[in-house]
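The values are calculated or read from the model by the stated rules, or taken from the named source; none is laboratory data. Keep in mind the model is a prediction, meaning the values are calculated, not measured. Every residue, glycine as well, gets a Cβ built from its backbone with ideal geometry; the counts of neighbours run over all protein chains shown.
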Amino acid sequence: MPACTWQGRRFALRLAASDRKANATMTLRPETKAVHSAGSDPASGAIVSPIVLSTTFEYETTGREHDPEQLIYTRYQNPNRASLEAALAQLEGGAIAHGIASGSATMLTVFQALRPGDHIVSSDDLYFGIRVQLEEFFAPWGLETSYVDMSDLAAVRAALRPQTKLVILETPTNPMIRLADIAAIAGIAHAAGAQLLVDNTVATPIAQNPITLGADIVALSLTKYIAGHHDVLGGALVFAEEDDFAQRVMRLVRIGGAVLSPYNAWLAARGLQSLAYRVRAHSENASQVACFLAEHPKIERVLYPHHASHPQYELARRQMRLGSGLMSIQLKGGRQAAVELVNKLRLFTSATSFGGTHSLIEHRESIEESSKTPANLLRVSIGLEHPADLIADLQQALA
Ligand SMILES: Cc1ncc(COP(=O)(O)O)c(C=O)c1O
């Protein structure tokens, strides 16, 4: 397949095939599931569910223990959060999901649910905020972490200990856009009695389903593609099985209270309905921009997994149905050239985050704490503008 062909057609064909193979009883495709996931209101007939702001719910007093799924108090459960959780569990192929206040708080909750003396094997290329949590807050508390390059399977195997409870990774990573082989690492983790957690924020459940590939837990920042419009902070954890650890995390979420608010759950569910089509458009736009930039004499390197120049292009094609809108670029003129490019662009906004309608660009080294990111690197989130306009803007800024 030529490097610059958008793989949207292949995506459509692959989905149909994998649906048939993965689950004979699953008759709906992700686009359909997503549209029908946000919940309606049978009482009024409204197609769109109302936002339930009430913090407390009337319940029958029986004098006996309550059904844990009965609505009692919004920190325990809320209709908007419950319907989003059900939709995310279905889209990721998991048994249960928990809606949490942010993507960062999903990882905080997982770490809190472990015990002092437990050990984590982590990718050495994590979103920097997660690494800060581990080093600054959980290491003094007795949670030990070994950092490894997840593309080196022997190193992953060697880092595992009898105390290792969890292997954590992102794929693709942010901002170095490296991939990890989920199926291979799940096999290694399970052989050592550990669980595998995959942060699926960059790929989204539309492009990749880690649970289908063997992962036990999926972490998502809903703030990015799932909500998709730069206006929601949220996160979710999806568990393959409703096992002891999933129960312990649910208890921690409900007792600790770092839950997703009803309004943010409603907005994320609204975003979910168009996720499949938005991700396909982000992907098509990003593929065109990556092709333009890869040929430009001022660009040293384009980091985009679905461009043939990416060192893990074969893994990307095997593991992901399509690319997202996130890429990084390295400029030949170092830090100064990178900063100058940001300041000359008119359509791209110099801003953090990714996964929304607007194209964003950011010099990562200057925003990350203790950054190891190269000084000539810019992270680019390709939005939903017309790709020709984005390319014209990059062309004038690079001229
Ligand atoms: C891959 C990844 N995971 C998690 C997070 C944290 O998400 P949030 O900003 O919703 O806390 C981010 C934030 O940029 C991220 O890039």
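The residues of the stretch 381-399 that are within 13 Å of residue 361 (Cα to Cα) and under 26 Å from the mean Cα position of the chain (by Cα), listed by number, are 381, 382, 383, 390.
Scanning the stretch 337-355 for residues that are closer than 26 Å to residue 233 by Cα and over 21 Å from the mean Cα position of the chain (by Cα), which turns out surrounded by the fewest Cβ atoms within 10 Å (Cβ to Cβ)? Only one residue fits best here, namely 350. Scanning the stretch 213-237 for residues that are buried (at least 22 other Cβ atoms within 10 Å of the Cβ) and either touching a His at 6+ places or on another chain (Cβ under 6 Å) or more than 30 Å from residue 385 (Cβ to Cβ) (or both) turns up 215, 216, 217, 237. Checking 63, 93 one by one, the residue that is away from the ligand (no atom under 16 Å from the Cβ) and within 27 Å of residue 192 (Cα to Cα) is 93 and no other. When we screen 277, 225 for residues that are part of a helix (DSSP H, G or I), within 16 Å of residue 206 (Cβ to Cβ) and of a type in the set (Phe, Trp, Tyr), the only hit is 277. Here residue 380 clears all of (1) over 28 Å from residue 275 (Cα atoms); (2) within 15 Å of the ligand (Cβ to nearest atom); (3) of a type in the set (Val, Ile, Thr) except the condition numbered (1). Checked across the stretch 200-212, the condition of being farther than 23 Å from residue 306 by Cα, crowded, with 24+ Cβ neighbours inside 10 Å and hydrophobic (A, V, I, L, M, F, W, C) holds for no residue.
Of all the criteria given as (1) within 16 Å of the ligand (Cβ to nearest atom); (2) closer than 26 Å to residue 112 by Cβ; (3) at pLDDT 95 or above, the one not satisfied by residue 174 is (3). Residues in the stretch 318-336 that are within 19 Å of the chain's Cα centre (by Cα) and free of Cβ contacts under 8 Å to residues at least 12 places away in the same chain: 318 only. Quick one: would you say residue 149 is at pLDDT below 95 and closer than 24 Å to residue 363 by Cα? Against the criterion (at pLDDT below 95 and closer than 24 Å to residue 363 by Cα), residue 149 does not qualify.
For beta carbons closer than 7 Å, sequence separation of 6+ or different chains, a first residue in the stretch 344-364 that is under 19 Å from residue 388 (Cα atoms) and a second that is part of a loop (DSSP other than H, G, I, E, B) and of a type in the set (S, T, N, Q), the qualifying pairs are 347/359; 348/359; 360/353. The single residue among 182, 120, 130 that is within 13 Å of the ligand (Cβ to nearest atom) and either crowded, with 16+ Cβ neighbours inside 10 Å or in contact (Cβ under 8 Å) with a residue 12 or more places away in the chain (or both) turns out to be 130. Would you call residue 287 under 30 Å from residue 37 (Cα atoms), buried (at least 23 other Cβ atoms within 10 Å of the Cβ), touching a residue at least 40 places away in the same chain (Cβ under 8 Å) and outside the structural domain of residue 150 (by TED's automatic domain parsing)? In short, yes. Of the residues in the stretch 322-337, not one is closer than 30 Å to residue 75 by Cβ and more than 14 Å from the ligand (Cβ to nearest atom).
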